[in-house]
1. Within the bounds of segment 20-37, is there any residue that is loosely packed, with under 11 Cβ neighbours inside 10 Å, assigned by TED's automatic domain parsing to the domain that holds residue 81 and at pLDDT below 70?
2. Could you check segment 373-392 and list, in sequence order, the residues that are in contact (Cβ under 8 Å) with a residue 12 or more places away in the chain and loosely packed, with under 13 Cβ neighbours inside 10 Å?
3. Criterion first (under 16 Å from the mean Cα position of the chain (by Cα) and not in a loop (DSSP other than H, G, I, E, B)) does residue 214 satisfy it?
4. Yes or no: residue 273 crowded, with 20+ Cβ neighbours inside 10 Å, without any contact (Cβ under 8 Å) to a residue 40 or more places away in the chain, in a helix (DSSP H, G or I) and over 39 Å from the mean Cα position of the chain (by Cα)?
5. Out of segment 244-268, which residues are in contact with a helix residue (DSSP H, G or I) (Cβ under 8 Å, 6 or more places away or on another chain), closer than 25 Å to residue 300 by Cβ and part of a loop (DSSP other than H, G, I, E, B)?
6. Between a first residue in segment 144-168 that is at positive phi and touching a residue at least 12 places away in the same chain (Cβ under 8 Å) and a second residue that is buried (at least 19 other Cβ atoms within 10 Å of the Cβ) and in a helix (DSSP H, G or I), which pairs have beta carbons less than 8 Å apart while being 6 or more apart in sequence or on different chains?
7. Only residues that are within 13 Å of the chain's Cα centre (by Cα) and not in a helix (DSSP H, G or I): list them for segment 159-187, please.
8. Could you run through segment 350-364 and say how many residues are assigned to a helix (DSSP H, G or I) and either crowded, with 17+ Cβ neighbours inside 10 Å or in contact with a helix residue (DSSP H, G or I) (Cβ under 8 Å, 6 or more places away or on another chain) (or both)?
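The values are calculated or read from the model by the stated rules, or taken from the named source; none is laboratory data. All of these numbers come straight from a predicted model, not from anything done at the bench. No Cβ is skipped: glycine too gets one built from the backbone with ideal geometry, and neighbour counts run over all protein chains shown.
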């Protein structure tokens, strides 16, 4: 029987560079090769400098940027290949350029030492490919150096700025969402970033403006102060509310007067809440006078925000009025005044709240009032907890260490609801910590 040999596919590495037929016309002479290497290197760096400037400062198309970066990487390979060709011509023996790059066959006299020297007949293909790889790395490093590492810059910031320069609103919104994240906080106040973000406050699309407002208050762009004053008087109710909040978020006390004037005018509840939040974030006690009238508002959300802000701003002139409102109110109507009183607790009120804690039969629960920000952070204007829990907090804020034994008694009283005993234990730990 004849033995049948199975023919299978074998992967063959093309080691003879001449077989690739790449850039052979450039290697006809050593002079051609030197000029070609210099020109290829120069064109590569010129292209990279152009691409670096264009994609990070001018382009408004992510797709075009990708194409340009791809072309620059192809230019890198071509430049490295031509440089490797010149290196081989200079350092490889045996007329390597003619034999390997051009594919010509050299003839040696049989008596010549060259005829028997094996190094003069080698193609040095692996060496050549290794040199190409080294030159690719070297050229990339050099390109990164002369362009201030433009690829990393594009990945970190240029990509988002390109989307901001786009004519598509959805692209702008995605960029503003990203740039609002705190991971970019170190870059927020670079001129080109702040200019790109605040310019979107003039965008005719309201949704883009709303996200630009959010990014502006995240970064605290005081440069937008003038534009924000203008925006207080135009657009939708939602936009005016967000503008009022943003104006207060700039930590510029000039905003106090503007927000106070804003609140003195006939405004929708959403606008009032936005301005109250802005004054609270601003933290200027002078703004409390403009908020105080809104504890008498008919809108429950406005009232709760007014008490919350007045409490945090420590506006004590209305303490007696709020205490009277609290005493006359019942049920959920007590929650807003309680929030204010917690922040402004007084020692003379301790016994009254102890008595309330003891005599309360039907202990009602305050519902949550939550301000959820664009980044999904939550600010609790009113916590969901019982009235008696808030009475305990008032006593803790007013007395602290002096009432420690009373809180120990509450924590040890097994007849009390578990949540009150747990709160008493937390208060004791906080007193001891301080």
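1. The answer is yes; a qualifying residue exists.
2. Scanning segment 373-392 gives 375, 380.
3. Considered against the rule, which asks whether it is under 16 Å from the mean Cα position of the chain (by Cα) and not in a loop (DSSP other than H, G, I, E, B), residue 214 comes out as yes.
4. It is false that residue 273 is crowded, with 20+ Cβ neighbours inside 10 Å, without any contact (Cβ under 8 Å) to a residue 40 or more places away in the chain, in a helix (DSSP H, G or I) and over 39 Å from the mean Cα position of the chain (by Cα).
5. Answer for segment 244-268, where residues must be in contact with a helix residue (DSSP H, G or I) (Cβ under 8 Å, 6 or more places away or on another chain), closer than 25 Å to residue 300 by Cβ and part of a loop (DSSP other than H, G, I, E, B): 267, 268.
6. Pairs found: 148/52.
7. 180, 181
8. Going through segment 350-364 one residue at a time, the tally reaches 5.
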